[in-house]
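This report concerns only the one structure given below.
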Amino acid sequence: MDRLESIKRHGLASVPFDVPATWRAKVIADLERFVSATQFPKHVSTIEASNIVVARVLEVLSPFREQQVREREKKEAEERGRSRVATLKSHGGTYAIRETADWDWSAQLEARREVAKELEVKIKVDWSERDVEKLVDEVLDDWEDDENENENDDGNDEDERDDWDEEE
């Protein structure tokens, strides 16, 4: 085997196994152009040639590695975001439990379910715990208002009956 072919083989052997075939092909094409008698004259030692060709392979693969890093960072950021949202939902649920602790049992359950639904839909990654508490307070205030309206509606019905009874 001739010296230049040996240098090319050493370069190809330095390509990590996780590199896809398309990037291997880029390395092969680059080594065919790069490894020449002009680039590696006979007075350049085999060790020096090996070091140069491995550095060249790393250079050719650098865009691939940068892409891998970007994808990994994106996945990690998405995972941190999912984790943050889960933490905020948990905080909102706990806050709702504290806020409804002295309510009637069935009212607690209904209000907490409604809070959970709102938390599921509205929480965003960039929210603070205070933002979540404000949302829970809004839902609970609306829920209490609805409950009070229902109670008042019942009271009005009784008042109307009293008026009717008096007319008889």
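The values are calculated or read from the model by the stated rules, or taken from the named source; none is laboratory data. Since we're looking at a predicted model, the values are computed, not measured. Neighbour counts are summed over all protein chains in view; Cβ atoms, including those assigned to glycine, are modelled from backbone coordinates with ideal geometry.
Observations on the model:
- A49 farther than 30 Å from V15 by Cβ and of a type in the set (A, V, I, L, M, F, W, C): no
- Residue selected from the range 73-97 under the condition surrounded by 12 or more Cβ atoms within 10 Å (Cβ to Cβ) and of a type in the set (A, V, I, L, M, F, W, C), by the criterion farthest from the chain's Cα centre (by Cα): I97
- Out of R70, R65, sole residue that is within 31 Å of the chain's Cα centre (by Cα), more than 30 Å from E118 (Cα to Cα) and either assigned by TED's automatic domain parsing to the domain that holds R130 or surrounded by 12 or more Cβ atoms within 10 Å (Cβ to Cβ) (or both): R65
- Test set (1) more than 12 Å from G11 (Cα to Cα); (2) outside any loop (DSSP other than H, G, I, E, B); (3) of a type in the set (A, V, I, L, M, F, W, C) - A37 fails condition number: (2)
- Test for V139: is it modelled with pLDDT of 95 or more and more than 30 Å from L4 (Cα to Cα): no
- Selection from the range 13-23 of residues that are surrounded by 14 or more Cβ atoms within 10 Å (Cβ to Cβ) and either in a loop (DSSP other than H, G, I, E, B) or without any contact (Cβ under 8 Å) to a residue 40 or more places away in the chain (or both): S14, V15, V19
- In the range 53-62, residue surrounded by the most Cβ atoms within 10 Å (Cβ to Cβ) [restricted to those that are touching a residue at least 12 places away in the same chain (Cβ under 8 Å) and closer than 12 Å to H10 by Cα]: V53
- Residues satisfying the criterion are present in the range 36-52 (criterion: out of contact with any helix residue (DSSP H, G or I) (no Cβ under 7 Å at 6 or more places or on another chain), outside the structural domain of D141 (by TED's automatic domain parsing) and in contact (Cβ under 8 Å) with a residue 40 or more places away in the chain).
- Qualifying residue in the range 64-84 (condition: among the hydroxyl-bearing types (S, T, Y), farther than 30 Å from V136 by Cα and either at pLDDT 95 or above or out of contact with any Gly (no Cβ under 9 Å at 6 or more places or on another chain) (or both)): no
- Selection count, the range 90-117, where residues are over 13 Å from V139 (Cβ atoms), of a type in the set (F, W, Y) and assigned to a helix (DSSP H, G or I): 1
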